[in-house]
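Working notes, beginning with the structure itself.
The values are calculated or read from the model by the stated rules, or taken from the named source; none is laboratory data. Predicted model only: the values in this text are computed from it and were never measured. Here the Cβ positions follow ideal geometry from the backbone for every residue, glycine too, while neighbour counts run over all protein chains shown.
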Amino acid sequence: MESRTKPVENRRGFVAHPRWAWVALVGIVLAFVVTVVWLGPAANFGSLQDDAMYFVAAKSIAAGHGYFLPSFPGHLPALKYPELYPWLLSWVWRLSPSFPSNVVPAIGLTLVFACWFLIACFLVAKHTLRLEPAWALAVTALCGFNFFSLLLAGSVLSDLPFAALALTAVLCADRALEKDADWKWAAATGALAGVSVGLRTVGATLIAGIVVVAILRRRWRAAAVCCVVGGALSLPWILPVLERLLSPHVGTSVASPGWSQTLAFYTSYFGVWSRSVPNWATQRAVLLKNFISTILAPGILLLVPLANRSAILSVGVGGAVAIAAWIGLLVHFRREGWKAIHGVFLFYLAMVLPWPFPPQRFLVPFLPIFFGGLALIAREINRNAASALRESATMAKRAGAVTAYVLLVALAGVVAANGAWAAPRALARLMARQRSLLASKRQAYRWIAGNTPASARFIAYDDVLLYLYADRQAIRPIAASTASGYDNDPSIAERDADHLEDVARHVGAKYWLVTPSDFGIELGDDKTILRKREDELLAHLPIVFQCDSGRIRLYQLPNPERPGAGVP
């Protein structure tokens, strides 16, 4: 797979880009922005849960109250997320304090990072994978126009901001690992990696991966500078995580399993993992399924949602795409050797694979190498087919070349249809459903704000949304274990269902809000089991409000017990 023409490099060591490539890149970025805006993503705010928690913590920071979750019954400082992204979002609250209109500029902040991410994808494809401009642009388009990138770009989440910093860090690292590179490149690498830890704790894998690659390539000074700068800048974000790990909240030790499990959801990733993966058998199942999902990720990330309509597309085409992408990356690795992104990827997987949740969303930072590996294979097929058609080849070779072209064109057609039509349409339908559901929820929130005491506590799966709209503290009924989705064991969900009223009792909740989106993120059949138990618990309780459609109901609970001592 050697290139026939050696790329032209400038005196700084980077591959020079023709002017038309930059113009095309700007066009891709603008088309991406227009698509995200067209989707109207503000309607989806809160459905991913993490986004609302980020934003309400940002409100607390903007008000000068510090980093805590004001929607939580009682006082809950130091969430499981690092503070940097909520701090950035706090400037949205300072400049535009009116909710929900300020959700749009909050999404705008994410969209700025998404544009940065796409530019970084182009540079990774061009410099790290050594793809020609046309192929690098194709990779960039694929990195933007897929279901996951479009969804995340319209969300108030740290995924794409982290991906932008991570890819920029590995680009700087590759420059720092060249012979006689200025030490400032290593310092910039460490700075970007250290700051990324403030966005997501998994950013620590950037520092580890880059330093290990530097050591393997015997770039001792670069390794030392990156380690010192990155370590120093990551400490403000790492130390609170270690403190929470060594000194968990008092409430997690109380006897009520439902309460301690739910409190861990708000305060500790380690707590969530330890409760969802209680033994080696479950961990083995998590590792195996997540590993298989990672192997298939290039096809899944590229072809969802179109592939969901056909087993041939999902298994056949998706599997072939994944295999081709990995082969392309393997050939590139053998030819180019260790690059910074290789080391980062290995350390990153070491943290993602044990996590009891499907890994596709977490793999978005590596889209350019997944799709770049596919582009490397497609480029080679194209070259060999073109050569066979130009030369005096046998009929068999010519037939093979024509077949290869037909397959490439067919794949390109499927990918283009998915990115330009299926993925945006699927997201548009999702936004329309969310917009309709939110209109009904807002009826409930208005009633709550006008008819319940300010001190009342609520059980609500969309707890933060209830707080933002109605200014009442709320908490989800339970943070269900994801283990049953890996063990295929419904008894785990049934055990969670048996403790569905623990949280309400512990916080002294007065009301319980039920909506169609409750338990929407749970895996497998968990949501069915939990919904059935919820219906049983609330069946004989008075309904004090229901929306016009009847889909949303507010139940009044019996006189609440005194809130438990474990409330922070």
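Name the pairs whose Cβ atoms lie under 7 Å apart, with the first residue in segment 527-547 and farther than 26 Å from residue 490 by Cβ, the second part of a helix (DSSP H, G or I), and 6 or more positions between them or separate chains?
545/444; 545/447; 547/440; 547/443; 547/444
Across segment 374-398, what is the number of residues that are modelled with pLDDT of 80 or more and polar (S, T, N, Q)?
3
Looking for something surrounded by fewer than 24 Cβ atoms within 10 Å (Cβ to Cβ) and touching an Asp or Glu at 6+ places or on another chain (Cβ under 8 Å) - is there at least one such residue anywhere in segment 130-147?
Yes - at least one qualifying residue is present in segment 130-147.
Exactly one condition in (1) part of a loop (DSSP other than H, G, I, E, B); (2) under 27 Å from the mean Cα position of the chain (by Cα); (3) without any contact (Cβ under 8 Å) to a residue 60 or more places away in the chain is not met by residue 436; state its number.
(1)
For (1) crowded, with 17+ Cβ neighbours inside 10 Å; (2) part of a loop (DSSP other than H, G, I, E, B); (3) in contact with a strand residue (DSSP E or B) (Cβ under 8 Å, 6 or more places away or on another chain), each residue gets a yes or a no:
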{"position": "35", "(1), (2), (3)": "yes, no, no"}
{"position": "38", "(1), (2), (3)": "no, no, no"}
{"position": "46", "(1), (2), (3)": "yes, yes, no"}
{"position": "54", "(1), (2), (3)": "yes, no, no"}
{"position": "101", "(1), (2), (3)": "no, yes, no"}
{"position": "115", "(1), (2), (3)": "yes, no, no"}
{"position": "121", "(1), (2), (3)": "yes, no, no"}
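Can you report the number of residues in segment 364-391 which are of a type outside the set (Asp, Glu) and not in a helix (DSSP H, G or I)?
Of the residues in that region, 0 qualify.
Find all pairs meeting these conditions: Cβ atoms under 6 angstrom apart; at least six residues apart or on different chains; first residue within segment 272-301 and free of Cβ contacts under 8 Å to residues at least 40 places away in the same chain; second residue crowded, with 18+ Cβ neighbours inside 10 Å.
296/322; 299/318; 299/321; 299/322
Would you please name the residue that is nearest to residue 257 (Cα to Cα), looking only at residues in segment 498-514 that are surrounded by 23 or more Cβ atoms within 10 Å (Cβ to Cβ) and under 28 Å from the mean Cα position of the chain (by Cα)?
503
Filter segment 461-476 down to residues that are out of contact with any Lys or Arg (no Cβ under 7 Å at 6 or more places or on another chain), without any contact (Cβ under 8 Å) to a residue 60 or more places away in the chain and either within 14 Å of residue 530 (Cα to Cα) or among the polar types (S, T, N, Q) (or both), then give me how many there are.
0
So, in segment 337-377, of the ones that are of a type in the set (Gly, Ala, Ser) and within 17 Å of residue 318 (Cα to Cα), which residue ends up surrounded by the most Cβ atoms within 10 Å (Cβ to Cβ)?
If we filter segment 337-377 for residues that are of a type in the set (Gly, Ala, Ser), which is where we start, we get 337, 340, 343, 350, 372-373, 375.
Within this subset, residues satisfying the condition of being within 17 Å of residue 318 (Cα to Cα) are 372-373, 375.
Numbers: 372: 31, 373: 25, 375: 24.
Selected residue: 372.
I'd like to check something: does segment 175-197 contain any residue that is in contact with a helix residue (DSSP H, G or I) (Cβ under 7 Å, 6 or more places away or on another chain), in a helix (DSSP H, G or I), surrounded by 24 or more Cβ atoms within 10 Å (Cβ to Cβ) and polar (S, T, N, Q)? Lay out the reasoning, then the answer.
Taking segment 175-197 and keeping what is in contact with a helix residue (DSSP H, G or I) (Cβ under 7 Å, 6 or more places away or on another chain), we get 175-177, 181, 183, 185-197.
Add one more test, that the residue is in a helix (DSSP H, G or I), and what stays is 175-176, 183, 185-197.
Next cut, surrounded by 24 or more Cβ atoms within 10 Å (Cβ to Cβ) only: 176, 186, 189-190, 192-194, 196-197.
Keeping just the survivors that are polar (S, T, N, Q) gives 189, 196.
Taking every residue of segment 175-197 in turn, at least one turns out to be in contact with a helix residue (DSSP H, G or I) (Cβ under 7 Å, 6 or more places away or on another chain), in a helix (DSSP H, G or I), surrounded by 24 or more Cβ atoms within 10 Å (Cβ to Cβ) and polar (S, T, N, Q).
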